[in-house]
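The structure under discussion appears below in the form of structure tokens.
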Amino acid sequence: MDFFIQQFSNGLTVGGIYALIALGYTMVYGVMKLINFAHGELFTLGAYVGFTLLVSFNFTGILGSALGIGVAVLLVSFLVALAGHLLERVAYRPLRRSDRLAAVVSALGASIFLQNAIMLNWGAQNRAYKADLLPNVTLRFLGQSVPLTRVLIFLTAVAVMLALYLFINRTRIGMAIRAAAIDQGAAKLMGIDVSAVIAVVFIIGPALGGLAGLLVGLYYGPINFGMGQLYGLKAFTAAIIGGIGNIQGAMVGGLLLGLVESLGAAYISVAWKDALTFVVLILILVARPTGLLPERVAEKL
């Protein structure tokens, strides 16, 4: 039971991180019907910016552990959101009226550019967060010990996801985003500034990805400039499993993928961990081609 609780809590933690990254994919796709292939590199950027703030600038030593990490979370989210906004202005907005393939090629080019920019700025060697940034404390759950680090990271991911859900469903900006996702032409006729909506999406999505990068650094420690490819692929898989374009689906898909990966590595084989991810993807798509929670779109009469 202790082993199962450890693996289950690890799966929820990793799944929360996958869900945060997947939300960035699903928000952009929901509005633009475009896969932002540079999203994985924005996630990596968040990990490296967090490393600079917490290790190079020693925010935790200057401000204290809790305040230092809190400030780092806000700065990482803001800076990566700014990078996402610039990415949209430079790589996507000029091609908005072009063929969709042109935007896909631009996204791939932006991904390569960002990955190499990160490598040139921080170096090709691996970096590592300090092991003592989060308290080494355990909590009791069902009579078993669970590291506090996992609980904090999971609760952070869940809180951010719930905040995003409420923002999308309870605010005027969220209503505009949902309207643009259903029909951009009709949204324009209703007075919605679709360009502003897309800009907001490219701020929120990268901010979530950057936060996920920081959480990965805090949880695992080592980071490298190419990590965005694997995490981006898994988060994209999570978005498809949940139903690409659906906010709740991205959350469910991320958590499910984290649990499958963690429990599969524990009870089957670590070597099959990544393969199991795509086996689950295939099985779910065979049963439900649109994912577990497909995007709900109003039918045109």
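The values are calculated or read from the model by the stated rules, or taken from the named source; none is laboratory data. All of these numbers come straight from a predicted model, not from anything done at the bench. Note: ideal-geometry Cβ built from the backbone for every residue, glycine included; neighbour counts use all protein chains shown. Quick note on the areas: whole protein, heavy atoms, side chains included, nothing else; ligands and nucleic acids left out. Shrake-Rupley method; radii C 1.70, N 1.55, O 1.52, S 1.80 Å.
Remarks
- Considering segment 223-290, the qualifying helices (runs of 4 or more DSSP H), each wholly inside and each with 2 or more residues that are within 15 Å of residue 212 (Cβ to Cβ), run over 227-242, 247-267.
- Among the residues making up segment 65-90, a single one is more than 19 Å from the chain's Cα centre (by Cα) and either aromatic (Phe, Trp, Tyr) or surrounded by 19 or more Cβ atoms within 10 Å (Cβ to Cβ) (or both): 68.
- The set of residues in segment 191-216 being in contact with a Lys or Arg (Cβ under 9 Å, 6 or more places away or on another chain) and open to solvent by 20 Å² or more (accessible area, probe 1.4 Å) consists of 195 alone.
- Hey, residue 121 modelled with pLDDT of 90 or more, on the phi > 0 side of the Ramachandran plot, more than 21 Å from the chain's Cα centre (by Cα) and surrounded by fewer than 14 Cβ atoms within 10 Å (Cβ to Cβ) or not: no
- For segment 245-277, a tally of residues being within 23 Å of residue 42 (Cβ to Cβ) and open to solvent by 40 Å² or more (accessible area, probe 1.4 Å) returns 4.
- Qualifying residue in segment 93-103 (condition: more than 17 Å from residue 35 (Cβ to Cβ) and either open to solvent by 80 Å² or more (accessible area, probe 1.4 Å) or in contact with a His (Cβ under 9 Å, 6 or more places away or on another chain) (or both)): yes
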